[in-house]
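Below: one structure, written as structure tokens.
What follows is calculated from the coordinates using simple rules that are stated; it is not laboratory data. Since this is a predicted model, take the numbers as computed values, not measurements. Positions of Cβ are generated from backbone atoms using ideal geometry, with glycine treated the same way; all protein chains shown enter the neighbour counts.
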Amino acid sequence: MRLNRLFFVSLAITTLLLAGCSKQEAGAPATAGKREVTVQAVAAEAKGFTVGALMSAQTVYVFFDPQCPHCGHLWQASTPLHKKVKFVWIPVAWINASSLTQGAALLTASNPTALMTEHEASLLAGQGGISASASVASDVEQSIKANTKLLNSLGAESVPFIVVKNAATGQTIAKDGAQTTAALAEMIGIDPS
């Protein structure tokens, strides 16, 4: 009996970790047309902040909404891989007004790794994330709106939305939802240790 209960609790936790914040939940517009997901398009069009192994040839692009707890779980899962891989975190504004202001604060931070760690810890603790100025520079606001438009054009249904070229296969992988560290490493095509 105890083993069955433990199994179902583990299954529920895994399901929550692999979930994402969907457009429908956030009230975001439906995707009109879907374009092909390529690393090159994301690299050329998205504006994000870079963390991890800055000199790595391997780059993982993550579209995230600062108000999404699943994105917070992915941030935590990605942290052990920062020594091996470069991550570009691309803020979008799907969920609410705080998404834009917090995304702007993270995008313009002098130390985005520290601020993102602080933000996600606060968000996952149910405290809403970092405080951010309601005044957002127009160029930064336009960048976040362009990121959101790009994400919608890629046909993403939820965040986090990950785009990466697998190091082992060369295949472009686009996947939504939070991942464990091991699953993220497998998607990237690297050894997680």
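Starting from the 7 Å offset along Cα-to-Cβ, what nm value, one decimal, do you get for the label separation of Ser110 and Ala146?
For the pair Ser110/Ala146, the computed spacing is 2.6 nm.
Measure out, as a whole number of angstrom, how far apart the alpha-carbon centroids of region 85-105 and region 32-53 sit.
Their Cα centres are 14 Å away from one another.
Could you give the nm distance between label points at Ala41 and Ala53, where each point is 7 Å from its Cα heading toward the beta carbon?
It works out to 2.8 nm between the two label points.
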